[in-house]
Amino acid sequence: MGEASGTQHKVPCLLFAIFAALWFSAAAAKAQSSNEAATSNTKKARASKRDGDTFTLVGAGDIAGCENLPGAEATARLIEAIPGIVFAAGDLAYDNGSTWDFEHCYNPTWGRFKDRTRPALGNHEYVAAHAVPYFRYWGAQAGPPGKGYYSYDLGRWHIVVLNTDCSRKEVGGCGEGAPEEVWLRQDLAAHPDACVLAYGHYAMYSSGLFSWHARHTELRTFWEDLYAAHADLMLSGHEHSYERFGPQDPHGHADPEHGIRQITVGTGGISHTLLGVPQPNSEIRNDNTYGVLKLTLSSGKYAWEFVPEEGKAFRDSGEGPCHNANSEIK
């Protein structure tokens, strides 16, 4: 009787031991699986950080005026079909950059993409004192109030938005030591391994018919800072036309290996202005087509495509390398 009772006690203990062994085995397998998944995710994250994702940046400058809304409406329809961040390269709301202009001209057209737009100031925004309606309309999206310059990141790409209205008292100039220039150098130094793209309203290089309107050499120090940081692209508006330059240095010398490619895309819809004699390094241009520039930004290169308004044939496309593509991402 005592022996039978002992056996009965041993059976539950044995079953418990077997259950415990199975449970710990399953838990160990689950932990190993979790560790393997975590390792895999870490490797994927590192690969993503190294290789980067692909982003789309699309836009133009010189956009909406109530005297010619069909132009802005035509380019707005193009952007509707293109996802991504929208750049608006100045002179957004004609003629005066007023609250009325933004509400009645810009907002019904490109205002549909307000949440995904990163704007830049143009000279028409400054028709209103201190560009107050512009800063009020955009809020934090326009950067620090009153300054009009800021930056943001798209994966491996660092995007710099410049205020090119250097003569404005509140800007303080664009030369060496000016507040914006000091900020630009510091901002670029904080992103040493990034691919760099900048945009603003005025262009330093242009084949526009009137040189005083088209070419803004006061931006040279900005170009020198960008060139020293191995920037890849500079986008602008102001001239109501499209023009792509080959890579060049801050003094206008062709530099296929290290130069900055400038693309003027003042084709947002307000009007067309004539181009004059082609300037050095100008590769392609057009002055009778509204459209938007679509940029595809990846870790090692960029691709551009000019998308014309419906019914127009002019197009331009190509690709170029990111100068900092081989830099180690930390």
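Does residue 202 meet the test of being closer than 22 Å to residue 88 by Cα and buried (at least 24 other Cβ atoms within 10 Å of the Cβ)? So residue 202 fits the description; yes. Of the residues making up region 283-322, those that are more than 26 Å from residue 254 (Cα to Cα) and not in a strand (DSSP E or B) are 288, 289, 290, 309, 310, 311, 312, 313.
For region 137-145, does any single residue satisfy the condition of being touching a helix residue (DSSP H, G or I) at 6+ places or on another chain (Cβ under 8 Å), assigned to a loop (DSSP other than H, G, I, E, B) and at pLDDT below 95? Yes, there is a match, as at least one residue in region 137-145 is touching a helix residue (DSSP H, G or I) at 6+ places or on another chain (Cβ under 8 Å), assigned to a loop (DSSP other than H, G, I, E, B) and at pLDDT below 95. For region 132-154, the criterion of being touching a residue at least 60 places away in the same chain (Cβ under 8 Å), surrounded by 16 or more Cβ atoms within 10 Å (Cβ to Cβ) and within 21 Å of the chain's Cα centre (by Cα) is met by at least one residue. Taking residue 101 as the residue in question, decide whether it is out of contact with any helix residue (DSSP H, G or I) (no Cβ under 8 Å at 6 or more places or on another chain), charged (D, E, K, R) and over 16 Å from residue 265 (Cβ atoms). Spelling it out, it is not the case that residue 101 is out of contact with any helix residue (DSSP H, G or I) (no Cβ under 8 Å at 6 or more places or on another chain), charged (D, E, K, R) and over 16 Å from residue 265 (Cβ atoms).
Given the conditions (1) surrounded by fewer than 20 Cβ atoms within 10 Å (Cβ to Cβ); (2) farther than 15 Å from residue 65 by Cβ; (3) at pLDDT 95 or above, which single one is not true for residue 126? It fails just one condition, (1). The set of residues in region 198-224 that are among the hydrophobic types (A, V, I, L, M, F, W, C) and part of a helix (DSSP H, G or I) comprises 212, 214, 219, 222, 223.
Yes/no matrix, rows are residues, columns are (1) touching a strand residue (DSSP E or B) at 6+ places or on another chain (Cβ under 7 Å); (2) crowded, with 23+ Cβ neighbours inside 10 Å; (3) in a helix (DSSP H, G or I):
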| position | (1), (2), (3) |
| --- | --- |
| 82 | yes, no, no |
| 91 | no, yes, no |
| 105 | yes, yes, yes |
| 111 | no, no, yes |
| 118 | yes, no, no |
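Within region 175-193, residues that are farther than 16 Å from residue 157 by Cα and without any contact (Cβ under 8 Å) to a residue 60 or more places away in the chain have Cβ atoms under 7 Å from residues that are of a type in the set (A, V, I, L, M) and surrounded by 13 or more Cβ atoms within 10 Å (Cβ to Cβ) in these pairs: 180/171, counting only partners at least 6 apart in sequence or on another chain.
The residue list 83, 119 contains one member that is assigned by TED's automatic domain parsing to the domain that holds residue 295, more than 24 Å from residue 311 (Cα to Cα) and within 14 Å of the chain's Cα centre (by Cα), which is 119. Looking at (1) in a loop (DSSP other than H, G, I, E, B); (2) in contact with a Pro (Cβ under 8 Å, 6 or more places away or on another chain); (3) of a type in the set (Ser, Thr, Tyr), can you tell me which one residue 227 breaks? Here residue 227 clears every test but (1).
The values are calculated or read from the model by the stated rules, or taken from the named source; none is laboratory data. Quantities reported herein were computed from a predicted structural model and do not represent experimental measurements. Backbone-built Cβ (ideal geometry, glycine too); neighbour counts: all protein chains shown.
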